[in-house]
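As structure tokens, the structure follows; a few thoughts come after it.
Here, each number is a calculation from the coordinates, and none is a lab measurement. Just so it is clear, the structure is predicted and the values come from calculations on it, not from any experiment. Virtual Cβ from ideal backbone geometry, glycine too; neighbours counted across all protein chains shown.
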Amino acid sequence: MSSNATLSTGLAPVALLALLAAPPSIGDEGQATVESTVLFNTDCARCHEGECSGRLSFHLPPEAADQHIRRHGGELPAKQVRELSELLRYMKEECAFGPLPLALALDGAWGTETLSRLRSASGETYFLPLGTLSPGGHRVLLQGPGPTARPCVELIDGDFGYLDAVELEPAEDGWRLRFRTEAAGVLFLRVKIPVHADLIRVEIARESPP
């Protein structure tokens, strides 16, 4: 694969839409929609990433979990409260983010239709599952925010470790994020953007070797 080319699309548009419409399974007790999973991974996960119990049982009663979610999340539909509670259990037992049925590394690029599903309800933050990346240099192009709308980016691995060695620079029609990975692994990207800015396209590609 050429290092200067965007990665080829791994899923046909119809197949991708079907995956986005179907809720990902997070265990035998329930499922969560893409919207609830993104809400949890953007707004809730920061407080709970360090609390996973190494696959031990989650003993918080459902009523207590629901109360905790409503206290911090406000008035939410009952179905979404239950999904968030299940996502909390999943994170604490599996030490992992709630799963999403897509990965940028498979598709190469996402437009507004997919990105709108990966945006928090507040509109402030996107949660982008990059997928499994091989060792080496990578770049992610974030199109939409202008030169005065610098986004805040958090690059997170599958163990909730934050990658600090990242470079964010202005690029044509947006911003370019560059980083290197020393080993193959799953990565996630949280992008907080200024008010009134939108991501309209995101691309990922390998960097040319030095």
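Quick query: amide H of Ala32 versus all other amide H atoms, modeled in the peptide plane; which residues come in under 5 Å with a sequence gap of 5 or more or a different chain?
Ile26
HN-Hα J couplings of region 151-166 from phi, Karplus 6.51/-1.76/1.60, θ = phi - 60°, integer Hz, Gly and Pro as x?
Per-residue couplings from phi come out as x, 9, 10, 10, 9, 10, 8, x, 9, 6, x, 9, 8, 8, 7, 10 Hz.
Taking H placed 1.01 Å from N in the peptide plane, check which residues at least 5 places from Ile200 or on another chain put their amide H under 5 Å from its amide H.
Gln143, Gly144
R0 = 22 Å: FRET efficiency of Tyr162 with Lys79, Cβ-based, nearest 0.05?
That pair, Tyr162 with Lys79, gives E of 0.10.
Going by C-beta contacts inside 10 Å, put Thr181, Thr148, Thr37 in order with the fewest on the left.
So the residues, fewest neighbours to most, are Thr148, Thr181, Thr37.
Kindly state, to the nearest 0.05, the FRET efficiency for Thr132 paired with Glu172, given R0 = 45 Å and r defined as their beta-carbon distance.
0.95
Determine ³J(HN,Hα), in whole Hz, for all residues of region 106-111 in sequence, where each value follows from phi through the Karplus function 6.51 cos²θ - 1.76 cosθ + 1.60 and θ = phi - 60°; x replaces Gly and Pro.
7, 9, x, 7, 10, x
Compute the orientation-averaged projected area for region 68-185 from the convex hull of its Cα atoms and round it to one decimal in nm².
That works out to 8.7 nm².
How much net charge surrounds Phe179 when only other residues with a Cβ under 10 Å from its Cβ are counted (Lys, Arg +1; Asp, Glu -1)?
Neighbourhood net charge equals 0.
Suppose a student asked you for the relative contact order of region 154-210, using Cα pairs under 8 Å spaced at least 6 residues apart; what percent would you report?
In percent, rounded to a whole number, it is 33.
Collect residues whose amide H, placed 1.01 Å from N in the peptide plane, falls under 5 Å from the amide H of Glu207; neighbours closer than 5 in sequence don't count.
Long-range HN contacts for Glu207: Gly137, His138, Arg139.
First measure r as the distance between the Cβ atoms of Arg201 and Arg150, then evaluate 1/(1 + (r/R0)^6) with R0 = 22 Å and state the FRET efficiency to the nearest 0.05.
Using R0 = 22 Å, I get an efficiency of 0.80.
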